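These notes are about the structure you will find just below.
The values are calculated or read from the model by the stated rules, or taken from the named source; none is laboratory data. From a predicted model like this one, the values you see are computed outputs, not experimental measurements. Backbone-built Cβ (ideal geometry, glycine too); neighbour counts: all protein chains shown.
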Amino acid sequence: MTAEDLNQIVTRRDLERLYERLINDIGKVISNNLNTKEFFSPKEFSETTGLKYSTVVHYCNTGRLKARQDRPGGTWSIHVSELERFAYEANENVG
């Protein structure tokens, strides 16, 4: 195993720290936007959660994220409740 290989190993503590950061960040976004914002664009959801934009769009296309389009091929709108679900599922996966 090389030094580069060792640098790529992720520990459980690394995952726990990432989870804590995500939960805190998502909580802040939800509380800041709960009364003012009902839907997020894929870009906003990506920036909030740390998921890649292409992953968010894929999740919308496959139904993994509950999202809507005003017209076929149009921009996706992701309900704010999906942020809460994302945070909950992240907690379940780490725990």
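Overview of results
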{"item": "Positions within the stretch 60-95 being modelled with pLDDT of 90 or more and within 13 Å of F40 (Cβ to Cβ), in sequence order", "result": "C60, L65, K66, A67, R68, T75, W76, S77, I78, H79, E82"}
{"item": "Every residue from the stretch 60-80 that is in contact with an Asp or Glu (Cβ under 9 Å, 6 or more places away or on another chain) and either assigned to a helix (DSSP H, G or I) or of a type outside the set (A, V, I, L, M, F, W, C) (or both)", "result": "K66, S77, H79"}
{"item": "Qualifying residue in the stretch 5-18 (condition: at pLDDT below 90, in a loop (DSSP other than H, G, I, E, B) and either of a type outside the set (A, V, I, L, M, F, W, C) or in contact with a Cys (Cβ under 9 Å, 6 or more places away or on another chain) (or both))", "result": "yes"}
{"item": "Selection from the stretch 19-59 of residues that are part of a helix (DSSP H, G or I) and β-branched (V, I, T)", "result": "I23, I26, V29, I30, T48, T49, T55, V56, V57"}
{"item": "Given (1) under 10 Å from the mean Cα position of the chain (by Cα); (2) without any contact (Cβ under 8 Å) to a residue 12 or more places away in the chain; (3) surrounded by 14 or more Cβ atoms within 10 Å (Cβ to Cβ), number of the condition H58 does not satisfy", "result": "(1)"}
{"item": "Search result, residues across the stretch 25-59 that are β-branched (V, I, T), modelled with pLDDT of 90 or more and either farther than 18 Å from A90 by Cα or in contact with a Phe, Trp or Tyr (Cβ under 8 Å, 6 or more places away or on another chain) (or both)", "result": "V56, V57"}
